[in-house]
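For reference, the structure is listed below as structure tokens.
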Amino acid sequence: MKKHLPVILTGSLIGVIALILVAMGNPANMGFCIACFIRDTAGSLKLHTASAVQYVRPEIIGIILGSFLLSLFKKEFQPRGGSSPVTRFVLGMSVMIGALIFLGCPLRMVLRLGGGDLNALVGLVGFAAGVGIGVIALNRGFSLKRTYTQNRLEGAGMPVLSTVLMLMVLLFPALFAFSTEGPGSMHAAVWASLAGGLIVGGMAQRSRFCMAGGIRDEMLFKDFHLLWGSVALLVVVIIGNLILGKFKLGFDGQPIAHTDGLWNFLGMALVGWGSVLLGGCPLRQTVLAGEGNTDSAITLLGMLVGAALAHNFGLASSANGATINGKIAVGVVALVLLAVTLFNTNRKGANA
Amino acid sequence: MKKVDARGCACPEPVVMTRNAIREDANGVEIIVDNACAVENITRFARNTGYQVAVQKNGADITLTVTKK
């Protein structure tokens, strides 16, 4: 059990901080959501014009910087990249579109479940199915090929960009769009969001916490190590919500969610599939971008663009359910993932 | 013993490569990686499946010798 302690602690701490951030103003069941927060940031940068979801979320910046600082301290900061960057950009877009059809990344899926939102349970089944497709690909030799050493500035790209963004928001807020109503207007104080992100980024860097990795490793190797982290997160959030009187079991009337089961399932299936192809869930990609992994940095940029497209083209769901455009996008993204899977699967793996 | 180069491979490929090598030769495998995460993952996999691991660092490269207990 001792070897599982770091990942269990990380899951528990993410749960506690998520509950605190919601109590301090973040939207319900959204203490953290990598997809939603990158989407909000895209809106604040005016990459999309959905006025309800525009806010530069300091949590994302905090996670990147927390991971960056801890990896420097532990001498694990390793600038590297070059493993199919364009493909990863497209996978980032794909994962984001899937997440915005469900309305949350895998992390928020568990936070929603912890709040009693049973739509997230449907999402979880879809997510596991998607991870299963990715696992089949890995077993058949799927690889996006090797990474190579990059220079330190390239590796520090995402931490530097994040710092610049945070400073610009604080010094020149007029440059950005900020929601005055809707989820984008709901947020904890900047310092609290930033501090929460820093702690989670640091902890997740140390423990390699990953929402997709848990189910994937269980399927691939019967290894439950990472899954313990997700279970700890769920347990802490359920207990916390019960204590705070915010646990509401059911499908209907859940905050920032819809009851369209098929599309909840399919949206998260895309996220699971895409996350395994990328080598980690959106949170893990954010942490790796802080560690100097430029492929993950590219993935985050793909997610940023994916979020903008999802809102500009009406792909993102709302409380009313999935849109027609969103349903078409599910088919298109599935074809994209299939093409990426087939083109990169070879018995020789990375040596192909 | 089979030698595998997993340098630059993203998670969880180094572990998949280790598993595949052990399937081919149950005595073990010598695998080279270049990051701490891969070392942890391969070590955990090896111990869970009845193998022991010796770790040797050589600059940025880390060689793991996975052998039957």
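The table below lists the values:
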| read-out | value |
| --- | --- |
| Number of the condition not met by B:R44 [criteria: (1) assigned to a helix (DSSP H, G or I); (2) in contact (Cβ under 8 Å) with a residue 24 or more places away in the chain] | (2) |
| Filter result for A:R112 (away from every other protein chain (no Cβ under 12 Å) and either in contact (Cβ under 8 Å) with a residue 12 or more places away in the chain or within 14 Å of the chain's Cα centre (by Cα) (or both)) | yes |
| Scope region A:59-87; condition away from chain B (no Cβ under 14 Å), crowded, with 22+ Cβ neighbours inside 10 Å and either farther than 24 Å from A:T10 by Cα or touching a Phe, Trp or Tyr at 6+ places or on another chain (Cβ under 8 Å) (or both); matching residues | A:E59, A:I60, A:F68 |
| Residue satisfying all of: in region B:4-34; more than 7 Å from chain A (Cβ to nearest Cβ) and in contact with a helix residue (DSSP H, G or I) (Cβ under 6 Å, 6 or more places away or on another chain); surrounded by the fewest Cβ atoms within 10 Å (Cβ to Cβ) among these | B:V4 |
| Breaking point among (1) assigned to a helix (DSSP H, G or I); (2) within 14 Å of another protein chain (Cβ to nearest Cβ), for A:V90 | (2) |
| Yes/no for A:F247 being part of a helix (DSSP H, G or I), touching a residue at least 60 places away in the same chain (Cβ under 8 Å) and surrounded by fewer than 24 Cβ atoms within 10 Å (Cβ to Cβ) | no |
| Residue, nearest to A:E218 (Cα to Cα), within region B:38-50, restricted to residues that are buried (at least 21 other Cβ atoms within 10 Å of the Cβ) and not aliphatic (A, V, I, L, M) | B:F45 |
| Single residue of region B:58-69 satisfying the filter (surrounded by fewer than 18 Cβ atoms within 10 Å (Cβ to Cβ) and either more than 12 Å from chain A (Cβ to nearest Cβ) or touching a helix residue (DSSP H, G or I) at 6+ places or on another chain (Cβ under 6 Å) (or both)) that is modelled with the lowest pLDDT | B:K69 |
| Residue check, A:F209 outside any helix (DSSP H, G or I), closer than 19 Å to A:E59 by Cβ and touching a residue at least 40 places away in the same chain (Cβ under 8 Å) | yes |
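Each row is one residue, and each column tells you yes or no for (1) modelled with pLDDT under 95; (2) away from chain B (no Cβ under 14 Å); (3) surrounded by 24 or more Cβ atoms within 10 Å (Cβ to Cβ).
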| site | (1), (2), (3) |
| --- | --- |
| A:N293 | no, no, yes |
| A:G314 | no, yes, no |
| A:I324 | no, yes, no |
| A:N344 | no, no, no |
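Rundown of residues vs (1) part of a loop (DSSP other than H, G, I, E, B); (2) of a type in the set (D, E); (3) more than 14 Å from chain B (Cβ to nearest Cβ); (4) surrounded by fewer than 13 Cβ atoms within 10 Å (Cβ to Cβ), yes/no style:
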residue	(1), (2), (3), (4)
A:L144	yes, no, no, no
A:E154	no, yes, yes, no
A:L161	no, no, yes, no
A:M166	no, no, yes, no
A:E181	yes, yes, yes, yes
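The values are calculated or read from the model by the stated rules, or taken from the named source; none is laboratory data. Since this is a predicted model, take the numbers as computed values, not measurements. All Cβ positions, even for glycine, are placed from backbone atoms using ideal geometry, and neighbour counts span all protein chains on display.
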